[in-house]
Each structure stands twice: as structure tokens, then as C-alpha cells.
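Q: Here it is, the structure in full.
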Amino acid sequence: MKIFYNEKLQQINVLDERFYTDDNVRFYPSATTVLSVYPKGGYFQEWLKNVGINADEIRDRAAEVGSNVHDAIDKYLKGGEINWFNEHGLELYTLEEWQMINKFVEFWERFNPELISTEISLISHKMKLGGTLDLVCKINDEIWLIDHKTSNAIQKTHELQLAAYVELWNELNPKFPIQRKGVMHLKAQTRTEGKNGKIQGKGWKLHEFERPQEEAYRLYRYTRAIWDEENPNYRPKNLVYPVSFKRTA
């Protein structure tokens, strides 16, 4: 959730993070919100049937893992120190999270990318879209857009999300257009460091999609048209709470 503190009113406005704004007047959905209407397929339905009432708990835990790993990578890229344990010997990350953080560090130290941007939020009034891009960097003189994923598998929606982010970045940074894009899959089944210049290691890989950018972005636009049809007057949920209470009687 994004939290805005209004000092004059002593209130905190909680804005649903699936929407972005730069003026608190115009609100745009994130790419992941738009892609929520994309068909999830038979595999998801089978998974949903198998996990039953535990689906929400599993989803929330997966989101927490993803958030923790993303935050650690962002801190690492900004020069901060990442520790597994605190000064009291307590875990700051689970073993699963720490393993994925280590995989990303291995990628960064092996391939030595040039950092351009990390965890940057962008808004396009033309696209009516907002999004937070995980990583823009240069590898072998090519500008990459990379999205970190901690899920078990790579989905088609990941490809369409990246396609939308490429257009979003290129609109706002025309002098530094994205040349390649991929998912940094930190739960891959890879067992080797790969050959022929592949960017991968044991248990991780930088996955590129074969579909051309134009085709992937067209699929995103079709999905956006469906989302717009189902959400003609979308507005974020904006909850307002005071920041303190004092009994007066």
C-alpha cells in the first residue's frame, strides 16, 4: 500500500498500490492490475482446485516472499549491505528468500551489468498506465529491462507486463530505448551455468521471450481493452484515517 501523510489534517490517506498518480487527480492502473483479466488457463484452475481454501494464504505468502526479495535486491543495487541475520541472531530472510537473493548477487557479480535504474515508478498519461520497473541496466552494451520473478513458473502475463513496461520506459526515455527485455527467474530449474553466452546459473536464469515486442504489446493492448470495458469508471480505494486519538470525555 502507498501511504500519504497529510500533516495539516493529521490524516493518513492509504492509496491502493495498484493505481498510480502524479497529481492526485488522474489515477492509472498498473500493468499487473490490467493483466489480472487475462485468462489464467487450465493449470491455474487445477492448482486452485488442489489447494482449495488455502489459496489466499499461499498467494499472500508468495507475495510476501517476492516483496522481501525485491526490496533486498534494490538495497543491494543501491550499495546497501544485506544481512541474513540481525545483531540478535534472528533471521531477516527465510532460507528460500536468502537463496534467491544469493542467486541475483551471483548474476550481478558474474556479468557485471551497468546499473541505469532500479525500482523506478513511471506514469504515462498517453498510455494511462503506471508501473514500477524492477531493473534497467546495460549488459554487453545493450540496454536491458529486467523483471525479477520469485514464482515457480514464468507466465504469459509476465511477457505482456514487460512489453507494456518497454513502451512506458521508451516513451519517457526516448534517448535510451530498451533493446532487450527478460525475466530474472530466481526459481528456475537450470542446473548449469549455461553455454553460448546464456545468462544463467544453477537455479536461476535471465529468460527472454521469443515473441517480438510489437506482438507482445498488441496482446497487452487487447487485454487493456477488456479491462477498460469492465472498469469504465475506475478509481482507487482511498481510505482516510486520523493518526492519533484522545478521549475527550
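The values are calculated or read from the model by the stated rules, or taken from the named source; none is laboratory data. All values reported here derive from a predicted model rather than from experimental measurement. A quick note on method: Cβ atoms are made from the backbone with ideal geometry, for glycine too, and the neighbour counts reach across all protein chains shown.
Q: Just checking, which of Thr190, Thr223 is among the polar types (S, T, N, Q) and not in a helix (DSSP H, G or I)? Break it down into steps so the answer makes sense when it comes.
A: Working: Thr223 fails: not in a helix (DSSP H, G or I).
On inspection, the qualifying residue turns out to be Thr190.
Q: What are the residues in region 154-164 that are of a type in the set (A, V, I, L, M), touching a strand residue (DSSP E or B) at 6+ places or on another chain (Cβ under 6 Å) and in a helix (DSSP H, G or I), if any? If you could, list the steps in order and put the result at the bottom.
A: Kept after step one, since they are of a type in the set (A, V, I, L, M), are these residues of region 154-164: 154, 160, 162-164.
Imposing the further condition that a residue be touching a strand residue (DSSP E or B) at 6+ places or on another chain (Cβ under 6 Å) reduces the set to 154, 162.
Leu162, the sole residue that qualifies.
Q: Do you know which residues across region 183-206 are touching a strand residue (DSSP E or B) at 6+ places or on another chain (Cβ under 6 Å) and either surrounded by 20 or more Cβ atoms within 10 Å (Cβ to Cβ) or among the aromatic types (Phe, Trp, Tyr) (or both)? Show your work before the answer.
A: Filtering region 183-206 for residues touching a strand residue (DSSP E or B) at 6+ places or on another chain (Cβ under 6 Å) gives 183-186, 188, 190, 193-194, 199, 205-206.
Within region 183-206, Val183, Met184, His185, Leu186, Ala188, Ile199, Lys205, Leu206 qualify.
Q: Counting just the residues of region 141-153 that are under 13 Å from the mean Cα position of the chain (by Cα) and outside any strand (DSSP E or B), which one comes out surrounded by the fewest Cβ atoms within 10 Å (Cβ to Cβ)? Let's see the steps before the verdict.
A: Filtering region 141-153 down to residues under 13 Å from the mean Cα position of the chain (by Cα) leaves 145-151.
Imposing the further condition that a residue be outside any strand (DSSP E or B) reduces the set to 150-151.
Values: Thr150: 20, Ser151: 14.
Within region 141-153, the match that is surrounded by the fewest Cβ atoms within 10 Å (Cβ to Cβ) is Ser151.
Q: Pairs only if they're at least six apart or on different chains, beta carbon under 8 angstrom, first in region 213-224 and assigned by TED's automatic domain parsing to the domain that holds Glu167, second small (Gly, Ala, Ser); list them, first residue then second.
A: As it stands, the answer is Gln213/Ala163; Ala216/Ala163; Tyr217/Ala163; Tyr217/Ala164; Leu219/Ala163; Tyr220/Ala31; Tyr220/Ala163; Tyr220/Ala164, since those pairs meet every condition given.
Q: Given (1) touching a helix residue (DSSP H, G or I) at 6+ places or on another chain (Cβ under 7 Å); (2) assigned to a helix (DSSP H, G or I); (3) among the aromatic types (Phe, Trp, Tyr), identify the lone condition not met by Phe209.
A: Failed condition: (2).
Q: Something else about it: Only one of these conditions is not met by Arg218: (1) of a type in the set (D, E, K, R); (2) within 23 Å of Met127 (Cβ to Cβ); (3) not in a helix (DSSP H, G or I). Which number is it?
A: (3)
Q: Counting only residues that are closer than 16 Å to Val183 by Cα, hydrophobic (A, V, I, L, M, F, W, C) and touching a residue at least 40 places away in the same chain (Cβ under 8 Å), how many does region 124-143 have?
A: The number of residues fulfilling the criteria is 3.
Q: Look through Lys181, Lys138, Lys126 and report the one residue that is of a type outside the set (A, V, I, L, M), farther than 30 Å from Asp60 by Cβ, assigned to a strand (DSSP E or B) and at pLDDT 95 or above.
A: Details: Lys181 fails: farther than 30 Å from Asp60 by Cβ; Lys126 fails: assigned to a strand (DSSP E or B).
One residue alone meets the criteria, Lys138.
Q: For the condition assigned to a loop (DSSP other than H, G, I, E, B) and in the same structural domain as Cys137 (by TED's automatic domain parsing), what is the one hit in Gly79, Gly66? Talk me through it step by step, then tell me what you get.
A: Details: Gly66 fails: assigned to a loop (DSSP other than H, G, I, E, B).
Result of the check over Gly79, Gly66: Gly79.
Q: Give the residue, chosen from Glu109, Glu96, Glu91, that is within 21 Å of Lys138 (Cβ to Cβ) and not aliphatic (A, V, I, L, M). Let's see the steps before the verdict.
A: Details: Glu96 fails: within 21 Å of Lys138 (Cβ to Cβ); Glu91 fails: within 21 Å of Lys138 (Cβ to Cβ).
Result: Glu109 is the single residue among Glu109, Glu96, Glu91 that is within 21 Å of Lys138 (Cβ to Cβ) and not aliphatic (A, V, I, L, M).
Q: Now for a separate question. Hey, can you tell me all the residues within region 183-226 that are at positive phi and under 21 Å from the mean Cα position of the chain (by Cα)? Even if it seems obvious, please write down each step before you answer.
A: Within region 183-226, the first condition is being at positive phi, and the residues that meet it are 194, 196-197, 203.
The one that is at positive phi and under 21 Å from the mean Cα position of the chain (by Cα): Gly203.
Q: State yes or no: is Glu167 farther than 26 Å from Asn231 by Cβ, among the acidic types (Asp, Glu) and either in contact (Cβ under 8 Å) with a residue 40 or more places away in the chain or part of a strand (DSSP E or B) (or both)? Talk me through it step by step, then tell me what you get.
A: On the way: farther than 26 Å from Asn231 by Cβ: no; among the acidic types (Asp, Glu): yes; either in contact (Cβ under 8 Å) with a residue 40 or more places away in the chain or part of a strand (DSSP E or B) (or both): yes.
Answer is no for this residue.
Q: Something else now. List every residue pair whose Cβ atoms lie under 6 Å apart, where the two residues are 6 or more positions apart in sequence or sit on different chains, the first residue falls within region 228-249 and is under 27 Å from Tyr28 (Cα atoms), and the second residue, located anywhere, is loosely packed, with under 10 Cβ neighbours inside 10 Å and at pLDDT 80 or above.
A: Qualifying pairs under 6 Å: none.
Quick grid of which residues meet (1) free of Cβ contacts under 8 Å to residues at least 24 places away in the same chain; (2) in contact with a strand residue (DSSP E or B) (Cβ under 7 Å, 6 or more places away or on another chain):
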{"site": "Gly80", "(1), (2)": "yes, no"}
{"site": "Glu106", "(1), (2)": "no, yes"}
{"site": "Leu122", "(1), (2)": "no, yes"}
{"site": "Lys149", "(1), (2)": "no, yes"}
{"site": "Asn152", "(1), (2)": "no, no"}
